[in-house]
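Here the structure comes first, spelled out in structure tokens, and everything after it is commentary.
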Amino acid sequence: MNHELLSVQELKTYYRVSRKKIVKAVDDVTLSVKKGEILGIVGESGCGKSTLGKSILRLTEPTAGKVTFLGQEMTGLNAKDLRNMRRHIQMIFQDPYASLNPRMKIKDILEEPLIVHQLGTKAERREVVCSMLEIVGLDASYGDRYAHQFSGGQRQRIGIAKALITKPKLIIADEPVSALDVSVQAQILNLLNDLQEA
Ligand SMILES: Nc1ncnc2c1ncn2[C@@H]1O[C@H](COP(=O)(O)OP(=O)(O)OP(=O)(O)O)[C@@H](O)[C@H]1O
Ligand SMILES: [Mg+2]
């Protein structure tokens, strides 16, 4: 049986920065991730780690190569199928602030993916949101606040909650703790570890 979750083959993502200049942010990356496996990607600042993550999800369109997730080719999916697929593959962003709409309450931000993927009734969705806040170590009542009313570490937890809310099979975590102080880093890494085992 094939337990492969993700396969990336010869992926390239080039950015055109001017008429003459092209940045080869991702250049010929091949990797695979099996179920239950954690793959770490290490490299200096600007080497293309974030671009690779976004290219796998097609948040940034790759220039060439192939991404296969759950046996389906991401690179060939239309918008609707891609949206459906994103329920199962989620990203925790390096900068959680940028991925949280400043005008929406946290509970609405967290509910949105459930609405998009038509998961549960209104009451069930609210319950999932409250329990997810608690899973990431936040009080359920925090759902009424906006993103700017949290500390950096709390926002990172919200980013994690948002990524986990649809119970994805694969999470791409883009330096989820690099902006946090050491004690909060440990908490978040332990949390991710617990979730990975769950
Ligand atoms: N939208 C963009 N347009 C043009 N160039 C970009 C764009 N996004 C990133 N780049 C460039 O692509 C390269 C890779 O950037 P990326 O953000 O993927 O690096 P990274 O490895 O995640 O770095 P860091 O460790 O600092 O987060 C960099 O040279 C960056 O300047
Ligand atoms: Mg990065």
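Points worth noting:
- For the chain, excluding the exposed loop sites themselves (GluC sites (Glu not before Pro), DSSP loop, at most 14 other Cβ atoms within 10 Å), the longest remaining stretch covers 45-198.
- The GNM of the chain, with springs linking C-alpha atoms under 10 angstrom apart, assigns the highest mean-square fluctuation among Ser50, Ser131, Ser141 to Ser141.
- At most 12 other Cβ within 10 Å, DSSP loop - trypsin sites (Lys or Arg not before Pro), segment 1-69: Arg19, Lys20, Lys21, Lys35
- Measuring between their Cα centroids, segment 87-131 and segment 1-35 lie 27 Å from each other.
- Over the chain: helical MRE at 222 nm, DSSP H runs n ≥ 4 each giving -39500 (n - 2.57), nearest 500: -10500 deg cm²/dmol
- Entries of Lys24/Lys107; Lys66/Lys122; Lys107/Lys169; Lys34/Lys162; Lys12/Lys162 with Cα pairs more than 31 Å apart: Lys24/Lys107; Lys66/Lys122
- Most positive-pole-ward Cα, Asn193, Cys47, Leu164, against dipole of the chain from beta carbon charges: Cys47
- GNM result for the chain, Cα springs below 10 Å: residue of Gln90, Gln154, Gln185 fluctuating most strongly: Gln185
- Value of relative contact order over the chain, rounded to a whole percent, pairs C-alpha under 8 Å and six or more apart: 20 percent
- For Ile41 and Arg19, a Förster radius of 41 Å and the Cβ-Cβ distance give a FRET efficiency of 0.85, rounded to the nearest 0.05.
- Karplus (6.51, -1.76, 1.60) ³J(HN,Hα), θ = phi - 60°, over segment 94-101, in Hz, Gly and Pro reported as x: 4, 10, x, 4, 5, 9, 10, 4
Quick note: the coordinates plus some simple rules give every number you see, no bench work behind them. None of the values given here were measured: they were computed from a predicted structure. Every residue, glycine among them, receives a Cβ derived from its backbone with ideal geometry; neighbour counts consider all protein chains shown.
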